[in-house]
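The values are calculated or read from the model by the stated rules, or taken from the named source; none is laboratory data. Quantities reported herein were computed from a predicted structural model and do not represent experimental measurements. Reconstructed Cβ throughout: ideal geometry from the backbone, glycine too, with neighbour counts over all protein chains shown.
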Amino acid sequence: MIQTVNLQKLFATEEVETTALNGINMDVKDGEFVAIMGPSGCGKSTLLNIIGLLDNPSDGQYNFYGTEVSKMTERERAQLRKGSIGFVFQSFNLIDELTVYENVELPLLYLKTPAEERKTRVEEALNRMNIMHRRNHFPQQLSGGQQQRTAIARAVVAKPKLILADEPTGNLDSKNGEEVMKLLGELNDEGTTIIMVTHSPYDAGFAHRTVNLFDGKVVTENIRV
Amino acid sequence: MLTNTLKLAWRNLTAGGWYSVLNVGGLAVVLAVSVLLLWWVKDELTFDRFHPAADRIYRINSRHGTGADEQYWQSCPAPIGVAAMSGRVPGIEKATRLAGLYDFNSLRAGNQTYAEKSNDLGYADENFLDVFGGFRVLYGNIAQPFPTPNSVVLTEAMALKYFGTANAVGKTLTVVDSNRVFSVGAVLADLPDNSSYHRKIIFPMSLRKRLFTGNGPWKLMDDDWGNFSFATYVKVAPGVDPARVAKTLTDIQNKARNTSEPGQLSTYTTQALTTLHLYEPDGHDTGLQQVRMMGLIALLLLSIGCINYVNLTTARATRRAREVGVRKVVGAESGHLMGQLLVESLLTLALSLVLAVGLIQLMIPFYRDLTGKTLGFSLLDPQVWLFLVGALLVTLLLAGVYPALLIARFDPIRSLRGRGVTGSQAGLRRVLVVTQFALATGLIFSTLVIGNQLSFLQKRELGFNKTHIFTIQTNDKTEAFRKALANESSVEHTASATTELTSGMGSTSDTEWDEKTPGRNFMMNQMSVSHNFVQDMGMTLVAGRNFREGKADSLSFIVNETAIRDMGISNPIGKRFKLHDWNGQIIGVVKDFVFSSAREKVPPTILFLRPEWNGTLYVRATGQNTKQALATAERIWKQNSPQYPFEYRFLDDAYDQLYKAEQRTGQLFRFFAGIAILISCLGLFGLAAYTAEQRTKEIGVRKVLGASIPSIVGLLSKDFLTLVGVAIVIASPVAWWAMNNWLHEFAYQISIEWWVFALAGLLAVGIALLTVSFQSIRAALMDPVKSLRSE
C-alpha cells in the first residue's frame, strides 16, 4: 500500500526555483495498475522517482507499505528498495557489458540469493519473457522489444511487490509495445502492483486508473470501468 | 559475486580500448621504473648490514690539519691497528686491518698469467673474517684463512677463474714478480653487491710486513706512524661509546710520537660500518643525497602515474554513470559499487604489474650499465614480491580509492540521465594536470641544467693538453722504456711521473717554507715528474723556469698557483721550500691544471724530480699515427717484459671517468624526464579526448552557427594550455632552487640563465599542444549533424 500526503518537490538553482510537485495526494492499493499521464515537464517522472525511493520529497509524507520514508537517507532508501521495487525504463537501461542472463541476475546478486535459486529464478524470468534463447547475447545484439523484455525480466526476477514503469513503450514500435503492455498486464493479473508513466492513452487503457498531472498537481483521475 | 565482479572488470577493461591501453601501459612504465629505482635505493641503504654485528663495527678515520686546512681520511697508520688489536684499549672487543695492495698485480695459475686490477687485490689481517663475520666462507677455516704466511684467500669467482673449481683450497698461485708461491687458504662466496669491501684476492698482512723496506726513521711497518694506508676496523663491546675508543687511540699515538709540533699529529674518529657507503669520513652525506634524489624521483614518477590513472578513470566515470545508476536502481549499495570499482582498479594494476615485471627484465641490462650493480632481481626472491605487492597496494591506495569513492557516490537519478561528474571533480582533474605537468616541467628544466653543467665541465680549460696521450704502468723500467720509445716516428713526446694524473697523487703535510705561519699544517699533493713533464704536457709556467735535465734540479720544486696562494708566499721564485727531508727552493709556478673531479677545487700541488719514483710513462702520439704508436709500444713492451700483459690507458678516457657520476646523473635525468613527459602526455591525451567527447554538442552547435575549425581547435586547446602555463609558473622557481643546490656541489659551476626557463617552458607547452591538438582537431572536424544527433 502506497500513500502520499501533500508531496512537494522543489528544484532550486542559484537563479531559479522550480516546483516540480505541488501537493500530490495519492493512494495506490496492493494489486492496482495505475497510469500517470500528463504533458512534458508536469512532474510525472519526478513523482515516479520519489515513489521508487530514488529521491526524497522536499516536503509532505510518503508511506511505503507501512513505513514513512520521506526523510530517509539514500542508504536507508537503498535497503528498502532492494527486492521490493522493480523498474522498467523507456530507454531499457541495460548494462552493455553484461549479457542478457547477467543483467537479469543482477538484482539477485545484490540480494545475496544463493546460486542455485538464482539460476532457477533467472531462467524462469527469461522463459516467461520469451528471451531464454538470447540469454548469452549482449544488449546491443538485441532488438528494442527484446531489450525491453530483458528489462522486464530483470524487474520481476526478485519478485517485487511493486513495478514502476517509465514510458515502457516509448522506444518501441507498436507491435513490440503491445507485447510489453500485455506482459505488464499479466504481471498485474498475478498480483503485482504497477505504476506506469505514459504519454500513450492506448497504454493507459491497460491500467485500472489513470492519474492526470499538470504543473505538479493531480488534476483529474479516471477509473476504468 | 566475486567471479561476476572479476568477469565484469575484465570486460570493462577490454571494452575500454585505447583508454585501457593508456591506463595499463602508463602504469606499467612508471611501476617498472619506480620499482627498479626503489630496489636500487634499498640496496644502497642496506650496505654492509649483512655483517651480523654491523652496528658494533666502526672504521677508524684520521683527521689532519685544523680550520680551513682540516681533512678527514678513511685510513690510519699501521700502529693504530696494532694498538686496537692489542686488547689493551678498553671497549674494543676485536680489531682488524685491511689495506690495498700495490706491490704486484701479475699472478700465475698453472701456465696462465693474469694481470689483475689493483682494486681487486688487498691485504688483510688474519682475523678479518672473524671480525666482520658476514663474509661467507665456502672452503677453509673462518678462524684461520691464512694457515701459513704464504696463503691467499680468494673469492669464488676468482677460484673458478684460476682453477676452474670453487674448492681451490691447497691449490697454488705464483706472484710473477717474485716467483713466490702462495697456496689458497680459504675461498669466500662472492662478496655481495652491497658490501663496501670488494677485494677478491686477499693476501696476509704479514706479507705486507715482509715487503716493507722502511720509511724515514721507521724500520718496521707496525712502527710506521707516517704511512696512512691502513683501514682499521674495530668491533666494540655492546654499549661502548665509540668516541671514547677513538680518544684512547689518539692518546696512544700522542704518547708514542714525541713530536714537538702539534700540527704534525693526527686525531682519530670512528665511523659506523653501516654509514661507510653513504657518508664521507667527515660526516658529509654525499652518497645519501643521491639516494634521496632517486627515492624522490621514484615517488614523483609513481605520483605522475597515479595522477594519470585518477584522471583517466574519473573522466571516464561520466561514461559509466548510467551503469552505476542502473546498478543502484536494481539494488546495489555504495559498498557493492566501491568493491566492484576497486576490483577493477586491482585488475588494471595487476595487469600493469605483470607488464612492469616484463619491462624490468628488459631494462635490467640498462640498469646494470648505469649502476654497475648486478641486481639480484629474481622473481623467486620473496623480497622482490614484497616490493611488487607493496608498490601495487600503494598505487591502489593512491589511485584506486578516490575514483571508486567518487563513482560509488553518484546520485542514481542524475546517473541514469548519463550525468555523474559535477564541477568539483573537473576542478580536481585540473589540479592533477597542473601537478603532473609541474613535475614534468621540473624534470625538463633539471635535465637542461645538468646537460649544461656537464658540457661546461667537459669543455673546461684543463691547464694542459691531453690529446693523443696514453699512459703505461712501467714501474722500475720507466726510463729504459722511455728511451726506447722516444725515437719512434709515431711518438711526439714521452714523459714520466709517479702516477697517472687522474688516479690520485700522494699527499703530505710534511712541508716547510719561508713565511710559513708556525703550527700551520695542511695537505699538499706531491708528484715526482720527469724534467720535461711540465713543458711536454703543455702546461703553462706563470713564473720561473722549467726543470733541467740531470741532477742539478734534484732539490728544486715547481708548485701550482693554488699552492702559492694557500701558502701565502709572495714572489715565490727562489724561496726556500722543504718537502720531507729535501731542503730546496721553488724554481717555477705552473698554472693550475685539473686532475680531480669538478666537485673539488684544484688542490695545492708540488712537482719535483725523483726519477726512481716515476712508475708511469706518458706517451703523446703524433695525431696521425696513434695506432702505430700503440703497436710500437706493445712491441717494445713484449721485448722488455714478456711475462706481463701490455696495458695502456688514454688520458682522454681517464678524464671522462672523472665525470662519470655526473654523466650518469645526466643520463638518468634524460631518461626520467622522458618517462615523466610520456606519461603526462598519455594522461593529457586521454583527458583531451574526454573533454572533446563531453563537448560534442557544444561543438556541433558552434559549427552550425558558423564557427571555423581553427577557432574550435583553439577553444578546446586553450583550457589545457592554461593549465600547463600554471604548471610552468609553479615548477620554475622550485626547479631553479633544487638545481641551484645541486650546482653548489661543484667547485666549478655554470649559472642558470633565463633561456633555460624559457626553453623548458616552451618544450612543455609544445609537447602539451601536440598532444591536445590531435584530439581537438578530430573533434573540430566532426560532422555537426552527427555531433548534434549524438546528444
Q. If you go through the range B:737-791 one residue at a time, how many are among the acidic types (Asp, Glu) and under 24 Å from residue B:461 (Cα atoms)?
A. 2
Q.
Suppose we filter the range A:1-38 for residues that are touching a Phe, Trp or Tyr at 6+ places or on another chain (Cβ under 7 Å), farther than 24 Å from residue A:84 by Cβ and surrounded by fewer than 20 Cβ atoms within 10 Å (Cβ to Cβ); how many remain?
A. 1
Q) Are any of the residues in the range A:60-74 of a type in the set (S, T, N, Q), at the interface with chain B (Cβ under 9 Å from one of its Cβ atoms) and in contact with a strand residue (DSSP E or B) (Cβ under 9 Å, 6 or more places away or on another chain)? A) no
**Q.** Answer residue from the range B:499-516, given it is buried (at least 18 other Cβ atoms within 10 Å of the Cβ) and either among the aromatic types (Phe, Trp, Tyr) or over 19 Å from residue B:569 (Cα atoms) (or both) and is farthest from the chain's Cα centre (by Cα) among those
**A.** B:513
Q: Of the numbered conditions (1) surrounded by 19 or more Cβ atoms within 10 Å (Cβ to Cβ); (2) within 14 Å of chain A (Cβ to nearest Cβ), residue B:6 fails exactly one; give the number of that condition.
A: (1)
Q: Filter the strands (runs of 3 or more DSSP E) completely within the range B:504-563 down to those with at least 1 residues that are farther than 22 Å from residue B:617 by Cα and at pLDDT below 95.
A: B:506-508, B:511-513, B:524-528, B:541-544
Q) Does residue B:727 count as part of a helix (DSSP H, G or I), closer than 29 Å to residue B:451 by Cβ, in contact with a helix residue (DSSP H, G or I) (Cβ under 7 Å, 6 or more places away or on another chain) and aliphatic (A, V, I, L, M)? A) yes
(Q) Being out of contact with any Ser or Thr (no Cβ under 9 Å at 6 or more places or on another chain), among the acidic types (Asp, Glu) and surrounded by 14 or more Cβ atoms within 10 Å (Cβ to Cβ): is that true of residue A:167 here? (A) no
Q) Among B:96, B:172, B:155, which is surrounded by 16 or more Cβ atoms within 10 Å (Cβ to Cβ), within 29 Å of the chain's Cα centre (by Cα), polar (S, T, N, Q) and outside the structural domain of residue B:270 (by TED's automatic domain parsing)? A) B:155
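This table checks each residue for (1) of a type in the set (Lys, Arg); (2) closer than 30 Å to residue B:643 by Cα.
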| residue | (1), (2) |
| --- | --- |
| B:8 | no, no |
| B:44 | no, no |
| B:83 | no, no |
| B:91 | no, no |
| B:94 | yes, no |
| B:107 | no, yes |
Q) Do we find that residue B:352 is more than 13 Å from chain A (Cβ to nearest Cβ), buried (at least 21 other Cβ atoms within 10 Å of the Cβ) and of a type in the set (Ser, Thr, Tyr) in this structure? A) yes
Q: Would you mind telling me which numbered condition in (1) under 26 Å from residue B:339 (Cα atoms); (2) surrounded by 17 or more Cβ atoms within 10 Å (Cβ to Cβ) residue A:69 fails?
A: (1)
Q: Confirm whether residue B:115 is under 33 Å from the mean Cα position of the chain (by Cα) and in contact (Cβ under 8 Å) with a residue 40 or more places away in the chain.
A: yes
**Q.** Enumeration of residues in the range B:643-662 that are surrounded by 14 or more Cβ atoms within 10 Å (Cβ to Cβ) and among the acidic types (Asp, Glu)
**A.** B:662
Q.
Could you go through the range B:280-302 and let me know if any residue there is part of a helix (DSSP H, G or I), within 14 Å of another protein chain (Cβ to nearest Cβ) and either farther than 30 Å from residue B:48 by Cβ or among the aliphatic types (A, V, I, L, M) (or both).
A. no
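Yes/no matrix, rows are residues, columns are (1) in contact with a Pro (Cβ under 8 Å, 6 or more places away or on another chain); (2) polar (S, T, N, Q); (3) surrounded by 19 or more Cβ atoms within 10 Å (Cβ to Cβ); (4) in a helix (DSSP H, G or I):
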{"position": "B:673", "(1), (2), (3), (4)": "no, no, yes, yes"}
{"position": "B:681", "(1), (2), (3), (4)": "no, no, yes, yes"}
{"position": "B:690", "(1), (2), (3), (4)": "no, no, yes, yes"}
{"position": "B:723", "(1), (2), (3), (4)": "no, no, yes, yes"}
{"position": "B:751", "(1), (2), (3), (4)": "no, yes, no, no"}
{"position": "B:758", "(1), (2), (3), (4)": "no, no, no, yes"}
{"position": "B:764", "(1), (2), (3), (4)": "no, no, yes, yes"}
{"position": "B:771", "(1), (2), (3), (4)": "no, yes, yes, yes"}
Q) Out of the residues in the range A:125-174 that are over 22 Å from residue A:52 (Cα atoms), among the aliphatic types (A, V, I, L, M) and not in a loop (DSSP other than H, G, I, E, B), which is farthest from the other protein chains (Cβ to nearest Cβ)? A) A:132
Q: Among what's in the range B:305-338 and is assigned to a helix (DSSP H, G or I), within 14 Å of chain A (Cβ to nearest Cβ) and of a type in the set (Gly, Ala, Ser), pick the residue that is farthest from residue A:74 (Cα to Cα).
A: B:321
Q. How many residues, within the range B:731-741, are out of contact with any Gly (no Cβ under 8 Å at 6 or more places or on another chain) and surrounded by fewer than 17 Cβ atoms within 10 Å (Cβ to Cβ)?
A. 4
Q: Within the range B:181-218, work out how many residues are assigned to a strand (DSSP E or B) and modelled with pLDDT of 95 or more.
A: 12
Q | Residue among B:243, B:231 that alone is in a helix (DSSP H, G or I) and in contact with a Ser or Thr (Cβ under 9 Å, 6 or more places away or on another chain) | A | B:243
(Q) Of the residues B:10, B:73, B:18, only one is out of contact with any Gly (no Cβ under 9 Å at 6 or more places or on another chain) and under 30 Å from residue B:680 (Cα atoms); which? (A) B:10
Q | Subset tally (residues that are over 26 Å from residue A:140 (Cα atoms), at the interface with chain B (Cβ under 7 Å from one of its Cβ atoms) and part of a loop (DSSP other than H, G, I, E, B)) for the range A:78-124 | A | 3
Q: Assess whether residue A:49 counts as being without any contact (Cβ under 8 Å) to a residue 12 or more places away in the chain, under 30 Å from residue A:145 (Cα atoms) and within 11 Å of chain B (Cβ to nearest Cβ).
A: yes
(Q) Looking at B:347, B:341, can you tell me which residue is in contact with a Pro (Cβ under 7 Å, 6 or more places away or on another chain), within 14 Å of chain A (Cβ to nearest Cβ), at pLDDT 85 or above and farther than 30 Å from residue B:70 by Cα? (A) B:341
Q.
Looking only at the range B:517-540, how many residues end up being under 18 Å from residue B:71 (Cβ atoms) and over 32 Å from the mean Cα position of the chain (by Cα)?
A. 4
**Q.** Every pair of residues 6+ apart whose Cβ atoms lie under 8 Å, when the first sits in the range A:3-28 and is free of Cβ contacts under 8 Å to residues at least 12 places away in the same chain and more than 22 Å from residue A:195 (Cβ to Cβ) while the second is small (Gly, Ala, Ser) and surrounded by fewer than 16 Cβ atoms within 10 Å (Cβ to Cβ)
**A.** A:18/A:12
